[in-house]
Amino acid sequence: MDIQLKNEKLSDDIFYKLQKDVLTHWPTGKDVNFEEAVAYQKAIATEKRFSEKLNQAKLSGDTLIQPRAGVALVSEHIELLRHLENEGEADLLPTTIDAYTRLNRYKEAEVGIEESKIQGRSMLNGFPAVNYGVKICREVTSAVKSPVQVRHGTPDARLLTEVAVAGGFTSYEGGGISYNIPYSKNHTLEKTIYDWQYCDRVIGLYEEAGITINREPYGPLTGTLVPACVSNSVAIIESLLAAAQGCKHITVGYGQCGNLIQDISAVRSLQKQTESYLNRFGFKDVVVTTVLHQWMGGFPADEAKAFGVISWGSAAAALSGATKVIVKTPHEAMGIPTKEANAEGLRATKQVVSMLKDQNFTRTASILLESEIIEAEVDCIMNNVIDLGRGDIAIGAVRAFEAGTLDIPFAPSKFNRGLAMPARDNEGAIRFLDIGNLPFSKDLVDLHRHKLEERGRFENRPVSFQMVIDDVYSIGLGRLVGRP
């Protein structure tokens with residue numbers, strides 16, 4: 001298919017032509033009926049709508065807590081969500097989708113369901129929503145009191161979007177960049193951005209029918225030492241892409257890096273700059289909220305130490321004023337957690353965010369200084385994207401990745417240059433060991449070099465790639481900075 005990529009709302013002719021094909025990818029697609037789904041969504045109680053709960057939290061200054069969770073069998077998945085809601089005190093609930101569905105391998109997901117029934121336990125690492133279809137998704141979303149979001153990792157999520165929103169989910173995660181470059185090797189960026197324009201247009205159509213579905217670009221990207229300027233830029237781009245298709249409620253995310261000053265500054269700048277760029281491009285009626293993801297890198301195997309990492313992420317979320325926090329578990333180093341361990345991570349997080357609710361660090365001098373650095377870096381990247389696309393964000397994003405002026409560290413995609421390399425400075429903030437082709441001004445380049453040379457002097461060793469290696473493993477070994 002010849003893709004004419006533009007950051008413009010898909011026309012009805014193009015969308016409905018694509019939809020005829022999308023809904024035939026698996027038999028459950030035939031059960032999607034837009035008018036009936038709109039009526040179903042309108043009947044969902046206000047307190048179970050993701051956007052409404054986020055709006056209330058933003059207004060009151062609360063930080064909501066949300067886990068990750070998903071298993072293969074419907075009854076077990078409902079039991080899991082109820083446990084996290086009741087025992088874990090979760091404010092918002094997930095349905096994490098299995099890996100086969102993420103790759104559109106529905107036949108293998110079907111085998112996984114059958115094997116799960118035989119084994120009496122989940123043989124998939126998530127919930128196969130497309131295989132189950134609209135009716136069973138509604139059983140899941142109606143079985144709990146809290147709003148439920150679909151979380152996944154799918155380059156081509158078009159059928160999943162149709163089934164999930166018709167199935168009563170009121171929030172949908174992902175994007176054409178964030179669910180491609182960090183997740184996939186061979187998917188072209190043109191194709192995934194185009195496919196996600198379809199996903200966002202589906203949600204835009206519901207919006208036009210009076211139903212607000214929360215949209216959340218995936219913030220942490222590769223989850224490993226990702227500098228705030230990179231993840232914030234991707235979040236802004238995906239927000240602009242979603243808004244162009246009619247999405248009106250967007251939650252932008254950031255993955256905790258560990259330095260409290262930088263984490264608070266990153267979330268503060270993310271909210272501010274996302275709103276600013278949306279306004280700049282004429283999307284003045286989009287509501288923006290934020291999410292902080294607790295540490296996405298290596299975890300200590302010791303549960304008590306893992307709770308320390310979880311609590312530090314909880315503090316960063318609360319003190320940054322994030323609207324919600326995605327919670328890790330004390331079993332993070334050991335694989336898929338039990339529902340009990342997942343609930344324990346939630347309760348630990350709830351305690352910390354509740355204690356810190358009335359404290360706000362976002363106006364301190366050190367936060368304002370770091371915010372200036374992040375915002376200057378993001379503006380360098382975004383202005384380059386806009387210039388490369390001659391004002392079109394979709395085209396500019398593709399060209400920026402081709403040029404390496406937008407570059408995600410440690411990403412597997414062959415469409416990512418992989419030249420930019422991060423490392424921690426002497427205080428644990430993420431800087432660039434190698435700027436690569438990022439379009440920074442000279443003063444920003446000099447700042448990164450100075451910060452890493454300062455660490456080198458302190459540790460009495462040269463600034464080198466060994467710092468990167470040490471930093472990747474440091475938190476799992478009990479430190480923030482990978483000291484020799």
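The values are calculated or read from the model by the stated rules, or taken from the named source; none is laboratory data. Quick caveat, the model's predicted, so the values are computed rather than measured. As a convention, Cβ positions derive from the backbone with ideal geometry for all residues, glycine included, and neighbour counts pool all protein chains shown. In case anyone asks, the SASA skips ligands and DNA or RNA and just uses the protein heavy atoms, side chains included. Shrake-Rupley method; radii C 1.70, N 1.55, O 1.52, S 1.80 Å.
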- Message: Quick check: pseudo-label points 7 Å beyond the Cα along Cα→Cβ at residue 75 and residue 347, how many nm apart are they?
- Response: 2.7 nm
- Task: Quick one: compute a quarter of the convex hull surface over the Cα atoms of region 394-442 and quote it in nm².
- Result: 4.0 nm²
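Hey, if we sort 433, 124 by accessible area with the 1.4 Å probe, largest down, what's the order? Mind showing how you got there, number by number?
Working: 433 50, 124 15 Å².
Per-residue accessible area, sorted high to low, gives 433, 124.
With viscosity set to 1.002 mPa s at 20 °C, what whole-number translational diffusion coefficient in µm²/s follows for region 113-258 from Stokes-Einstein and a Kirkwood radius over Cα pairs?
Numbers: Rh = 16.0 Å.
Using the Kirkwood radius from Cα pairs, D works out to 134 µm²/s.
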- Those residues of region 321-358 whose amide nitrogen sits under 13 Å from the label point placed on residue 121, 7 Å along Cα→Cβ: 335-339
- Task: Run the 1.4 Å probe and let me know the accessible area of residue 16, rounded to the nearest 10 Å².
- Result: 110 Å²
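Take every Cα pair under 8 Å in the chain that's 6+ residues apart, average their separations, divide by the length, and report that relative contact order as a whole percent. Display every interim value, and only then the final one.
Details: 1035 pairs, mean separation 74.1, N = 484.
It rounds to 15 percent for the chain.
With the Cα gyration tensor of the chain in hand, give its eigenvalues times 5 under a square root as the equivalent ellipsoid semi-axes, listed largest first in whole angstrom.
On the way: eigenvalues 225, 142, 88 Å².
Listed largest to smallest, the semi-axes of the chain are 34, 27, 21 Å.
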- Obtain the nm distance between the two label points defined at residue 143 and residue 366 by a simple spin-label model: each point lies 7 Å from its Cα along the Cα-to-C-beta direction. 4.6 nm
- Message: Just to be sure I understand the model, the point goes 7 Å from the Cα along the line to the Cβ. What's the resulting residue 334 to residue 359 distance in nm?
- Response: 3.1 nm
- Item | Proximal lysines to residue 20, defined as alpha-carbon separation beneath 25 angstrom and excluding residues fewer than eight positions away on the same chain | 6, 9, 30, 42, 107, 135, 191
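Please work out whether region 365-484 counts as rounded, prolate or oblate from its C-alpha gyration tensor, where a ≥ b ≥ c are the square roots of the eigenvalues and a/c under 1.5 means rounded, while otherwise a/b larger than b/c means prolate and anything else oblate?
On the way: a/c = 2.35, a/b = 1.64, b/c = 1.43.
Here region 365-484 falls in the prolate category.
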- Label point 7 Å out from residue 35 along Cα-to-Cβ: which residues of region 143-174 have amide N under 19 Å? 166-167
- Task: Give the distance, in whole Å, between the Cα centre of region 1-78 and the Cα centre of region 337-397.
- Result: 24 Å
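Using only DSSP helix segments of four residues or longer, with each worth -39500 (n - 2.57), what per-residue ellipticity at 222 nm results for the chain after dividing by its residue count and rounding to 500? Don't skip to the end; give the middle numbers.
Details: 17 runs with 241 residues, N = 484.
Calculated at 222 nm, the ellipticity per residue is -16000 deg cm²/dmol.
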- Full extension between residue 280 and residue 403 adds, at 0.36 nm per residue less the Cα distance, a length in nm of 41.8 nm
- Packing-wise, with mean Cβ within 10 Å as the measure, how do 186-195, 465-474, 200-209, 231-240 rank, highest first? 231-240, 200-209, 186-195, 465-474
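Find the relative contact order for region 89-140 and round it to a whole percent, using C-alpha pairs within less than 8 Å whose residues are 6+ positions apart. Walk me through the numbers on the way to the answer.
Working: 42 pairs, mean separation 20.5, N = 52.
Taking the mean separation of contacting Cα pairs over the length of region 89-140, I get 39 percent.
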- Item | Estimated FRET transfer efficiency when R0 is 30 angstrom, pair residue 105-residue 437 (beta carbons, to 0.05) | 0.30
- Note on the structure: For region 25-96 (alpha-carbon point model, no solvent) the Debye-based log₁₀ I(q)/I(0) at q = 0.13, 0.16, 0.21, 0.22 Å⁻¹ works out to -0.56, -0.80, -1.08, -1.10
- Please report the orientation-averaged projected area of region 338-423, defined via the convex hull of its C-alpha atoms, in nm². 9.5 nm²
